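Working notes, beginning with the structure itself.
Every read-out reported here was derived from the displayed coordinates using simple, explicitly stated rules and does not represent laboratory data. All values reported here derive from a predicted model rather than from experimental measurement. Cβ coordinates were reconstructed from backbone atoms using ideal geometry, including for glycine residues, and neighbour counts include every protein chain displayed.
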Amino acid sequence: MSKNRFPHIKELLGNQAGEGLITAFYTILLLTMIFFVGIDIAGYTGTVWKLRNACSETLTLMKMENGFDSSTEQVFYQFLQNQGLDISKVQVSGTPKTVQRGEMVRIVATAPYVLRALRPFNLELSFQVRVEMIGLAQEFVR
Amino acid sequence: MKVPAWMMFGLLLAMLLMDVTTIMVVRSHMLRATEMALDAALVGGVNQSDRGRGRLYIDEGKGYDLAYTYFKSSLQLDSNLENNFLKKTRLRIQFIQNGEKPKVTAEVSTVVTAMTTKILGLEGVPVTVRGNRNYVGKFK
C-alpha cells in the first residue's frame with residue numbers, strides 16, 4: 001500500500017538525468033578555486049621578488065656609502081616604481097649613515113599583500129610581506 | 001590493519017615535510033652567511049692605503065681569515081664548522097684579482113642532518129650554496 005503512495009518520488013530518485021550538470025558545476029567550482037589560489041601565489045611571489053630586488057640594489061649602495069639616508073631611500077622607491085609596485089604603502093628603513101668600514105648595514109622593507117581571491121566576495125584580507133638583508137660597509141671613513 | 005598503515009604513512013609524510021622545511025630554512029641561512037663572508041673577504045682583503053693610490057689588490061690570506069670568522073659566527077658553527085644541523089661544512093673562497101676589477105667567489109658545501117635520512121641510514125642531505133661579489137668601492 002505504502003509503496004504505491006508516492007510513485008513520483010520513487011521515479012525522481014531513480015532519475016539520474018542531472019548528474020552530469022552537478023559534476024560540471026563542482027568541477028568549475030574546484031577549477032575556479034585552484035585558479036584564484038594560483039593567482040595569489042604568483043602575486044605574493046612577485047611582490048617578494050620585487051622587494052628583494054629593490055633591497056639588494058639599495059644594499060649594494062648602502063655598502064658603498066656606509067649607511068642609509070633620504071637619498072638612498074629615494075633610490076629604493078624609484079627602483080620599486082620601475083618594477084611596477086605601488087610604493088604608497090611600502091615602508092623601508094635601514095642602518096643610518098655613517099657606519100665605519102666592516103660594520104653591519106641592514107635594510108628592512110615591508111609591503112602589504114592583499115589577497116585577490118577574496119575580492120569577488122567583497123572581502124579584503126591583507127598581510128605584510130617583509131624582506132630583510134644585511135651586509136658589511138665597504139668604505140673607510142676617516 | 002589499515003589504520004596503523006595510514007598512521008605510519010602520515011608520520012612519514014610529516015617527517016618528510018619537516019625535513020624539507022629544515023633544508024629550506026638552513027639553505028636560506030647559508031645564503032645569508034655566504035653573502036656576509038663575501039663582504040668580509042673584500043673588507044679584510046682590500047688595503048685602504050693601496051686603494052688611495054689607485055691600486056686594487058686583495059690580500060687573499062687576510063680576506064679569507066675575516067670571511068671565515070664572519071661565516072662561522074653567522075651560522076654559529078664550532079671550530080670544525082659544525083653545529084646540530086650542519087656537518088662536514090666546507091667554505092671555499094676564490095679571489096680573482098683581474099687588475100682593477102677584483103672579484104671574490106665563494107662555495108659552501110655542507111650536509112644537513114634530517115630525520116628521514118637517519119631512518120634510511122644515510123648521513124644527511126648534501127647542500128651547496130654559491131655566490132660571487134665584485135668590488136664596488138669608489139676611488140677618491
Tell me, what HN-Hα J-couplings in whole Hz come from the Karplus equation 6.51 cos²θ - 1.76 cosθ + 1.60 at θ = phi - 60° for each residue of the stretch A:124-132, using x for Gly and Pro?
10, 10, 10, 9, 7, 9, 10, 10, 10
Shielding by partners for A:133-141, please: the mean number of other protein chain Cβ atoms within 10 Å of each residue's Cβ.
6
Rough spin-label spacing in nm, given labels placed 7 Å along Cα→Cβ, for A:Gln91 and B:Lys87:
4.4 nm
Relative contact order (%) - the stretch B:2-134, alpha-carbon pairs under 8 angstrom, separation at least six:
24 percent
In square nanometres, what is one fourth of the surface area of the convex hull spanned by the alpha carbons of the protein assembly as shown?
25.4 nm²
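Which of A:Thr45, B:Thr69 comes first, and how do the rest follow, when ranked by fewest Cβ neighbours within 10 Å? The partial results should precede the final answer.
Details: A:Thr45 10, B:Thr69 13.
By the 10 Å Cβ count, ascending, the order reads A:Thr45, B:Thr69.
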Report relative contact order for the stretch A:67-123 in percent, whole number only (criteria: Cα-Cα under 8 Å, sequence separation at least 6).
35 percent
³J(HN,Hα), Karplus 6.51/-1.76/1.60, whole Hz, each residue of the stretch A:72-81, x for Gly, Pro
5, 4, 4, 4, 4, 5, 4, 4, 5, 4
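How large is the Rg to Rh ratio of the stretch A:6-136 when both quantities use alpha carbon positions and Rh follows Kirkwood? Present the calculation step by step, with values, prior to reporting the outcome.
Values: Rg = 25.1 Å, Rh = 18.2 Å.
With Rh from the inverse mean 1/r over Cα pairs, Rg/Rh is 1.38.
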Just counting partner chain Cβ atoms within 10 Å, what average do the residues of peptide B:13-19 show around their Cβ?
0
Simple SL model, points at 7 angstrom along Cα→Cβ for A:Phe6 and A:Arg101; separation in nm is 9.1 nm
So if I place +1 on the C-beta of Lys and Arg and -1 on the C-beta of Asp and Glu, and nothing else carries charge, what would the dipole magnitude of the protein assembly as shown be about its Cα centre? I want it in debye, nearest 20.
160 debye
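Compute the relative contact order of chain A as a whole-number percentage, counting only Cα pairs closer than 8 Å that sit 6 or more residues apart in sequence. Numbers along the way, then the final one.
Values: 180 pairs, mean separation 36.0, N = 142.
Taking the mean separation of contacting Cα pairs over the length of chain A, I get 25 percent.
Size of the dipole of the stretch A:1-60 about the Cα centre, Lys and Arg at +1 and Asp and Glu at -1 on the beta carbon, nothing else charged, in debye to 20? Show your work: numbers first, answer last.
On the way: 5 positive and 4 negative charges, 61 e Å.
So the magnitude is around 300 debye.
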Which of B:Thr89, B:Asn47, B:Thr21 sits farthest toward the positive end of the charge dipole of the stretch B:2-134, with +1 on the Cβ of Lys and Arg and -1 on the Cβ of Asp and Glu?
B:Thr21
The stretch A:61-121-the stretch B:50-81 distance, computed between alpha-carbon centres (Å):
28 Å
Simple Cβ-charge dipole of chain A, Lys/Arg +1 and Asp/Glu -1, about Cα centre, in debye nearest 20:
420 debye
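Where Rh is the Kirkwood radius over the Cα pairs of the stretch A:66-107, the temperature 20 °C and the viscosity 1.002 mPa s, what D in µm²/s does Stokes-Einstein return? Could the numbers behind the result be given before it?
Details: Rh = 11.2 Å.
The Stokes-Einstein estimate is 192 µm²/s.
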With point charges of +1 on the Cβ of Lys and Arg and -1 on the Cβ of Asp and Glu, referenced to the Cα centre of the stretch A:6-136, which listed residue (A:Leu125, A:Met33, A:Pro112) lies farthest in the positive direction of the dipole?
A:Pro112
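Mind checking A:56-63 for the average number of partner chain beta-carbons within 10 Å of each residue's beta-carbon? Show your work: numbers first, answer last.
Details: counts 1, 0, 0, 2, 3, 1, 0, 6.
Per residue, the average neighbour count from other chains is 2.
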A student asked for the Cα radius of gyration and Dmax of the stretch B:90-140 in angstrom ought to give 17.6, 59
Apply the Karplus parameterisation 6.51 cos²θ - 1.76 cosθ + 1.60, with θ equal to phi minus 60°, to every residue of the stretch A:10-25 and state each ³J(HN,Hα) to the nearest whole Hz, in sequence, with x for glycine and proline.
4, 5, 5, 5, x, 7, 10, 5, x, 4, x, 5, 5, 4, 5, 4
Residues with amide H under 5 Å of A:Leu136's amide H, sequence separation 5 or more or different chain, H placed in the peptide plane at 1.01 Å from N; which?
A:Val105
What list of whole percents do you get for P(r) of chain B, with Cα-Cα distances grouped in 10 Å bins up to the one holding the largest distance?
12, 34, 23, 16, 9, 5, 2, 0
